[in-house]
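Student: Please see the structure below; I have some questions.
Since every read-out is calculated from the coordinates, none of them should be taken as a lab result. The shown structure was predicted, so the numbers you read here are calculated from the model rather than taken from an experiment. Cβ placement follows ideal geometry from the backbone for every residue including glycine, while neighbour counts extend to all protein chains displayed.
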Amino acid sequence: MKNSSRVLAKIGYYLLLLITVSFGVAVLGGVVAARFIPDVADFTEKVDMELVGAVLAVLLLAYVADIFLLRRRYSAASSSEISKLAGALRSKDEQAAILIQSIADGVIVTDTEGKINLINRAAANMTGWTVEEAININVDQVFKVAKENGEEIPKEEYPFTAVLAHKAFFNQVLQLSSRDGSRKRIISLVISPVVTPTGEVFGAVAVLRDISEQREAERQRAEFVSTASHEMRTPVAAIEGYLALALNEKVSTIDSRARGYLEKAYASTKHLGKLFQDLLTTTKAEDGRLSNHPVVVEMGAFLEQLTEDLKFSAAKKGLNSEFIVGSSGSIDATNREETSIKVVRPLYYVHVDPDRIREVITNLFDNAVKYTQQGKITIGLTGNDDVVQIFVRDTGAGIPPEHVPHLFQKFYRVDNSATRTIGGTGLGLFICRKIVELYNGRIWVVSELGKGSTFYINLPRLSTQKAQELSQAAAVTEAEKKPDAAQPAQAPTVAQSQPQ
Ligand code: ADP
């Protein structure tokens, strides 16, 4: 209907224009003829002003028609387009709102001030607020979170504040309290800043998922593994002890065939004992139960002693071992080239539990011995103002590059002909990473096939002054526990490696 009336209007408009132009041409023709052809001069006298007036009136009419017919039609068309577009946008808005409300994960959107602009039902349920109540309220009132273990989060580290302040992505597992505090959930929270293409932040969007049940299942599983490995360690230790007695020539008499069998049984029992021990350490490391008593440790003295203790296991395989201090090393994990670094001080203080760090270095050293057929193992120490770097280097088979990114994962072992025959649990490097992370450190490896591997550990370095302060504070605490004890130490106490 609309289309046919449009066509009619257009035809009318062009007809009107045609008539007007024809009249104009006729009048102009008359005037020109009267001027140049004398016989036609009478005609010009007959062309009176009324005719000229009529032509002008028709031209005016055509102009008005143009305005009314066409412009009105266009404006009618554009207003209908706008209303159509508005309708489409409205329905898109509604669609988006329905979608967001239907997401099973919680969604919260805030402005730059932290006021809630949007919250879906799932998020509202988790917080104990209703959607209507929560809108326009400051997010920290609605969204009450603590660290996963219930520890309070400092104000400046509150997730939304941190994301808006640093324009940074946030991804952590936290504890969320309901409005009346009666319910605590473990949530996985991801917050991203909402940024314009020009880099301007105009809010934050959070996605949260309730993982309480998953965490409880993980806790029960870890508890089972921990109890089982703890219980099984005792009989395995007893078997290992009796096998050792059977193999001891001073205690037992066995024939050479039986000795061969018992030696194999002894090796497997030792492996089983190590597996249970590693499983126990892994579950403890995962749920934060790893015993940890940090003290000030001067790594130079500590590693020198430890290398002395470890060199026998390398020597048994015909491998040399050495300890070097202050050589060049790559401080930055991203820089694979070893760069010469300035050795600022000869004393490298760190604040760690010496038993835990010994466990890490021993693990790396044992691996180096296990995966090296000839050459030497080097334990090295270097650093700069902020970092103490320890490395364990071997001249072994190296690690294929595709395995390197996975080495520090639980149960990961490189499976190839060279490693298949070498026993292991795939837990050693995972435990190393967990312990190093306990001290805000980093562990990584640089390896070249056929040439060897170097495992690096970076630990935060303590200044001598800070080391002294911490040592004195520890001595005071110790003295308070035992009133008869000696006065606080004046110099940092150095934790030395103890033979295992
Ligand atoms: P495992 O008990 O198998 O040694 P780890 O977690 O200690 O478990 O090591 C994981 C894997 O990393 C090992 O299976 C081995 O393939 C590889 N690996 C570790 N250290 C070295 C090394 N020094 N040289 C070559 N490969 C190594």
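Student: Residues with beta-carbon under 12 Å from that of Gly375, excluding Gly375: net charge, scoring Lys, Arg +1 and Asp, Glu -1?
Tutor: Details: positive: Lys317, Lys376, Arg393, Lys451; negative: Glu322, Asp394.
Counting the neighbours of Gly375, the net charge comes to +2.
Student: 7 Å from Cα along Cα→Cβ at both Ser83 and Glu448: what's the point-to-point distance in nm?
Tutor: Output for this residue pair reads 7.7 nm.
Student: So, R0 is 30 Å and r is the distance between the beta-carbons of Thr112 and Ala228; what FRET efficiency does that work out to, to 0.05?
Tutor: It comes to 0.05.
Student: May I ask you to order 181-191, 152-162 by the average number of other C-beta atoms within 10 Å around their residues, highest value first? If you can, show how the numbers build up before the last one.
Tutor: Values: 181-191: 16.0, 152-162: 14.5.
Ranking the peptides 181-191, 152-162 by packing returns 181-191, 152-162.
Student: Okay, moving on. Can you compute the FRET efficiency between Asn125 and Asn440 using 1/(1 + (r/R0)^6), with r the Cβ-Cβ distance and R0 = 41 Å? Round to the nearest 0.05.
Tutor: On the way: r = 36 Å, r/R0 = 0.89.
So, using R0 = 41 Å, E works out to roughly 0.65.
Student: Give me the distance between the Cα centres of segment 374-392 and segment 278-292, rounded to whole Å.
Tutor: What the calculation gives is 26 Å, centre to centre.
Student: Can you give me the Kirkwood hydrodynamic radius for segment 295-466, using every pair of distinct Cα atoms, in Å to one decimal? Show your work: numbers first, answer last.
Tutor: On the way: mean 1/r = 0.0616 Å⁻¹.
Mean inverse Cα-Cα distance, inverted, gives 16.2 Å.
Student: Restrict the search to segment 272-312; then list the trypsin sites (Lys or Arg not before Pro) that DSSP places in a loop and that have at most 15 other Cβ atoms within 10 Å of their Cβ.
Tutor: On the way: sites: Lys274, Lys284, Arg289, Lys311; in loops: Arg289.
Passing both the DSSP loop test and the Cβ count: Arg289.
Student: Sticking with this one: If you count, for each residue, the other Cβ atoms within 10 Å and average over each peptide, how do 128-134, 260-266 line up from highest to lowest? Before the final figure, lay out the partial values.
Tutor: On the way: 128-134: 15.9, 260-266: 13.4.
Sorting 128-134, 260-266 by mean packing, highest first, produces 128-134, 260-266.
Student: Given an 8 Å cut-off on Cα distances and at least 6 residues of separation, report the relative contact order of segment 215-286 as a percent.
Tutor: Values: 42 pairs, mean separation 34.8, N = 72.
Normalised by residue count, the contact order of segment 215-286 is 48 percent.
Student: Related question: Assuming 0.36 nm per residue, please report the length gained on full extension of the stretch Arg289 to Lys147 beyond their Cα-Cα distance. Kindly include the intermediate steps, with their values, before the conclusion.
Tutor: Numbers: separation 142, 0.36 × 142 = 51.12 nm, distance 1.62 nm.
Length difference between fully extended and current span is 49.5 nm.
Student: A 31 angstrom limit on the alpha carbon distance is what I want to check against. Which of Lys274/Lys451; Lys115/Lys466; Lys284/Lys370 exceed it? Display every interim value, and only then the final one.
Tutor: Numbers: Lys274/Lys451 29 Å; Lys115/Lys466 42 Å; Lys284/Lys370 26 Å.
Table pairs above 31 Å Cα-Cα are Lys115/Lys466.
Student: Give me the distance in nm between label points sitting 7 Å out from Cα along the Cα-to-Cβ direction at Ile98 and Thr198, one decimal.
Tutor: Reported label-point gap for Ile98 and Thr198 is 3.6 nm.
Student: Given 0.36 nm per residue, what is the gain on full extension from Ser463 to Ala165 after removing their alpha carbon distance, in nm? Before the final figure, lay out each step's value.
Tutor: Values: separation 298, 0.36 × 298 = 107.28 nm, distance 3.04 nm.
Stretched fully, the Ser463-Ala165 segment lengthens by 104.2 nm.
Student: Whole number please: convex hull volume per residue of the Cα set in segment 215-286, in Å³?
Tutor: Each residue corresponds to 70 Å³ of Cα convex hull volume.
Student: With the radius of gyration and the Kirkwood radius both derived from the Cα set of segment 104-210, what is their ratio Rg to Rh? Spell out each step's value before the answer.
Tutor: Values: Rg = 12.8 Å, Rh = 13.6 Å.
Expressed as Rg/Rh, it is 0.94.
Student: While we're here: Could you compute the net charge surrounding Ser453? Neighbours are other residues with a C-beta less than 10 Å from the C-beta of Ser453; K and R count +1, D and E count -1.
Tutor: Details: positive: Arg393, Lys451; negative: Asp394, Glu448.
That sum, taken over residues with Cβ under 10 Å, equals 0.
Student: In the P(r) worked out for segment 81-141, what percent of Cα pairs fall beyond 20 Å?
Tutor: Details: 653 of 1830 pairs.
Across segment 81-141, Cα pairs with separations above 20 Å total 36 percent.
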